[in-house]
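Please treat every number below as a calculation from the coordinates, not as lab data. This is a predicted model, so every value here is computed, not measured. Here the Cβ is made from the backbone with ideal geometry for all residues, glycine too, and neighbour counts use every protein chain on show.
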Amino acid sequence: MEVKRKNKKKVFVREHPPREGRGRPTKYKPEYCQMLIKHMAEGLSFECFGALVDSCEDTLYEWVKKYPEFSESRKKGIMFCRLFWEKMGRAGAAGKVPMFNNATWIFNMKNRFAWRDVQDINHQFDERIGKIKIEIVKK
C-alpha cells in the first residue's frame with residue numbers, strides 16, 4: 001500500500017496486481033492458424049470457422065487483433081478463398097461445372113469480395129434548351 005499526501009491529508013492507494021491471468025482462459029490455439037487457411041481454401045468464410053472451433057464471430061475478430069499469426073492466417077485464407085471461387089467461375093464459364101449458375105456465382109463474388117459493376121456517367125448541360133444530357137457508359 002502506498003501513501004500519498006494531498007492537501008495535507010493522507011490518501012491510501014491500493015496497488016493492484018497485473019490483470020493478466022485473470023478471467024476465463026482463451027480457447028485460442030496456435031494450430032488454428034493452419035486450420036483456418038485450410039478451411040478458407042475450400043471456399044468457406046472466415047466467420048463460419050467459429051463453428052469448427054466452437055467460438056463466436058466476435059471471438060474470432062478478437063483473436064485477429066490479439067494474435068498477429070492468426071491475423072496473417074486470415075489474410076492468407078481470404079486469398080485462398082478467392083482463388084477457390086475464381087477457379088470455380090472459370091470452370092463454370094468453360095462449361096466444366098454441371099448446372100453452374102453464373103448469376104449466383106456473380107452475386108457471391110460481389111458480396112464476398114466487394115466486386116462491383118462500374119459505370120461512367122457523362123453529363124452535359126445544353127444551354128440552348130436548358131436541359132441536362134446524361135449518357136451512361138458501361139465499361
For Arg116 and Arg22, what is the calculated FRET efficiency with R₀ set at 41 Å and r taken between the beta-carbons, to the nearest 0.05?
0.35
Multiply the residue gap between Lys29 and Asp58 by 0.36 nm, knock off their C-alpha separation, and tell me the result in nm, one decimal place.
8.8 nm
Over the C-alpha atoms of segment 26-138, what are the Rg and the largest Cα-to-Cα span, Dmax, in Å?
21.3, 72
Filter the trypsin sites (Lys or Arg not before Pro) in segment 14-102 to those in DSSP coil with at most 16 other Cβ atoms within 10 Å of their Cβ, and list the result.
Arg14, Arg19, Arg22, Lys27, Lys96
Can you give the FRET efficiency to the nearest 0.05 for Ala51 and Lys87, using r as the Cβ-Cβ distance and R₀ = 35 Å?
0.90
In sequence order, calculated HN-Hα J values of segment 30-42 (Karplus, 6.51, -1.76, 1.60; Hz; x Gly/Pro)
x, 5, 5, 4, 5, 4, 5, 4, 4, 4, 6, 5, 8
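With +1 assigned to the C-beta of every Lys and Arg and -1 to the C-beta of every Asp and Glu, and no other charges, what is the dipole magnitude of segment 45-102 about the Cα centre in debye, to the nearest 20?
On the way: 9 positive and 8 negative charges, 93 e Å.
Charge dipole of segment 45-102: 440 debye, to the nearest 20.
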